[in-house]
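The values are calculated or read from the model by the stated rules, or taken from the named source; none is laboratory data. Just so it is clear, the structure is predicted and the values come from calculations on it, not from any experiment. In this analysis, Cβ positions are derived from the backbone assuming ideal geometry, glycine residues included, and neighbour counts consider all displayed protein chains.
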């Protein structure tokens, strides 16, 4: 199968390219000039150059492709100007999906996020995980990134109702190898390894091995129902941050941080940090959007994807262990 992939140099995209390679598919990847290609080292792929909104370049790049995976997104919790973020995430999604339809792709997989769903309400302890039916409104999206992804998923759903063979996947919090940037969850691991995390917030995520997320994309192309969304996560991966740090401690032998930061303290620090950023135009270390999201334990169930797609369920502990090995191998860890 000839496959077109956007976002191939990113965390999920690089692992998706490997998964496609392993299953014998050919990959044509849309990449920017001077893109960081470390995540694709050793993979087999053909480069197509162009931007997400360059319809002529997209049409040329997708010629002959049967599957399209639109993974690329602009992920920023703080920017001095959010117009480029909306352009990439909303109009870029429209351009890619329409180009894939014009190219005759038999299946188009759009990578959304669980951030567009309504998480369990804040409460003490561990709330019950929610599924794909936890629909949120645009007004409930608390920052420009989430709003842009909500709008982009609406574009995908509307195009699916018009006949495009689009399946939507909503990854949770992937961990594992090839996290070049790294992602926010990967940065937690790097900070832990570098002993740069003296305390933690009372938050939670659904942790999932990135290899399962990549496999979920292929399974969505093979078996997903058009117009449906599928949460790509792990049934047993709903861990508080404290629980995840304890697993990291067991994997590495390093002590986990013991002190919990009160939410009010984190919020005040983020407000001051963003005020500084408005003057310096440098990204804040603790974006206010991230602190606001941390109020919620992002616990989800992938039962639908497991049932309908056969989503694999590799232990998240294995994903954390592989991430540790990869970050150390990349020289991103100062201490061991």
Legend entry - strands (runs of 3 or more DSSP E) lying entirely in the range 17-106 (those with 2 or more residues that are buried (at least 21 other Cβ atoms within 10 Å of the Cβ)): 26-31, 67-70
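Would the range 188-198 turn up any residue that is within 22 Å of residue 322 (Cα to Cα) and in contact with a strand residue (DSSP E or B) (Cβ under 8 Å, 6 or more places away or on another chain)? Steps first, answer last, please.
Taking the range 188-198 and keeping what is within 22 Å of residue 322 (Cα to Cα), we get 188-197.
When the remaining residues are screened for being in contact with a strand residue (DSSP E or B) (Cβ under 8 Å, 6 or more places away or on another chain), the result is 189.
Checked the range 188-198: at least one residue is within 22 Å of residue 322 (Cα to Cα) and in contact with a strand residue (DSSP E or B) (Cβ under 8 Å, 6 or more places away or on another chain).
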Inset, instruction - All but one of (1) under 22 Å from the mean Cα position of the chain (by Cα); (2) at pLDDT below 95 hold for residue 278, so report the exception by its number. - result: (1)
Inset, instruction - Starting from residues that are modelled with pLDDT under 95 and buried (at least 18 other Cβ atoms within 10 Å of the Cβ), keep the ones in the range 116-127 and report whichever is nearest to residue 212 (Cα to Cα). - result: 119
Legend entry - the range 128-160, subset in contact (Cβ under 8 Å) with a residue 60 or more places away in the chain, in a loop (DSSP other than H, G, I, E, B) and out of contact with any strand residue (DSSP E or B) (no Cβ under 6 Å at 6 or more places or on another chain), residue surrounded by the fewest Cβ atoms within 10 Å (Cβ to Cβ): 128
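Suppose we keep only residues that are assigned to a loop (DSSP other than H, G, I, E, B) and without any contact (Cβ under 8 Å) to a residue 24 or more places away in the chain within the range 285-335. Which one would you say is farthest from residue 41 (Cα to Cα)?
Step one: list which residues in the range 285-335 are assigned to a loop (DSSP other than H, G, I, E, B), which gives 285-287, 294-296, 298-299, 301-302, 310-315, 330-335.
Of the ones still in play, those that are also without any contact (Cβ under 8 Å) to a residue 24 or more places away in the chain are 285-286, 331.
Numbers: 285: 30, 286: 31, 331: 16 Å.
The qualifying residue farthest from residue 41 (Cα to Cα) is 286.
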Inset, instruction - Among the residues of the range 249-275, count how many are modelled with pLDDT under 85 and either on the phi > 0 side of the Ramachandran plot or in contact with a strand residue (DSSP E or B) (Cβ under 7 Å, 6 or more places away or on another chain) (or both). - result: 0
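Answer yes or no as to whether residue 279 is loosely packed, with under 13 Cβ neighbours inside 10 Å and either in contact with a strand residue (DSSP E or B) (Cβ under 7 Å, 6 or more places away or on another chain) or part of a helix (DSSP H, G or I) (or both). Talk me through it step by step, then tell me what you get.
On the way: loosely packed, with under 13 Cβ neighbours inside 10 Å: yes; either in contact with a strand residue (DSSP E or B) (Cβ under 7 Å, 6 or more places away or on another chain) or part of a helix (DSSP H, G or I) (or both): yes.
Criteria met by residue 279.
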Inset, instruction - Sort through 81, 54 and tell me the only one that's within 30 Å of residue 273 (Cα to Cα) and at pLDDT below 95. - result: 81
Inset, instruction - Return the residue satisfying two criteria in turn: it lies in the range 241-269 and is within 16 Å of residue 197 (Cα to Cα) and out of contact with any helix residue (DSSP H, G or I) (no Cβ under 9 Å at 6 or more places or on another chain), and of such residues it is surrounded by the most Cβ atoms within 10 Å (Cβ to Cβ). - result: 242
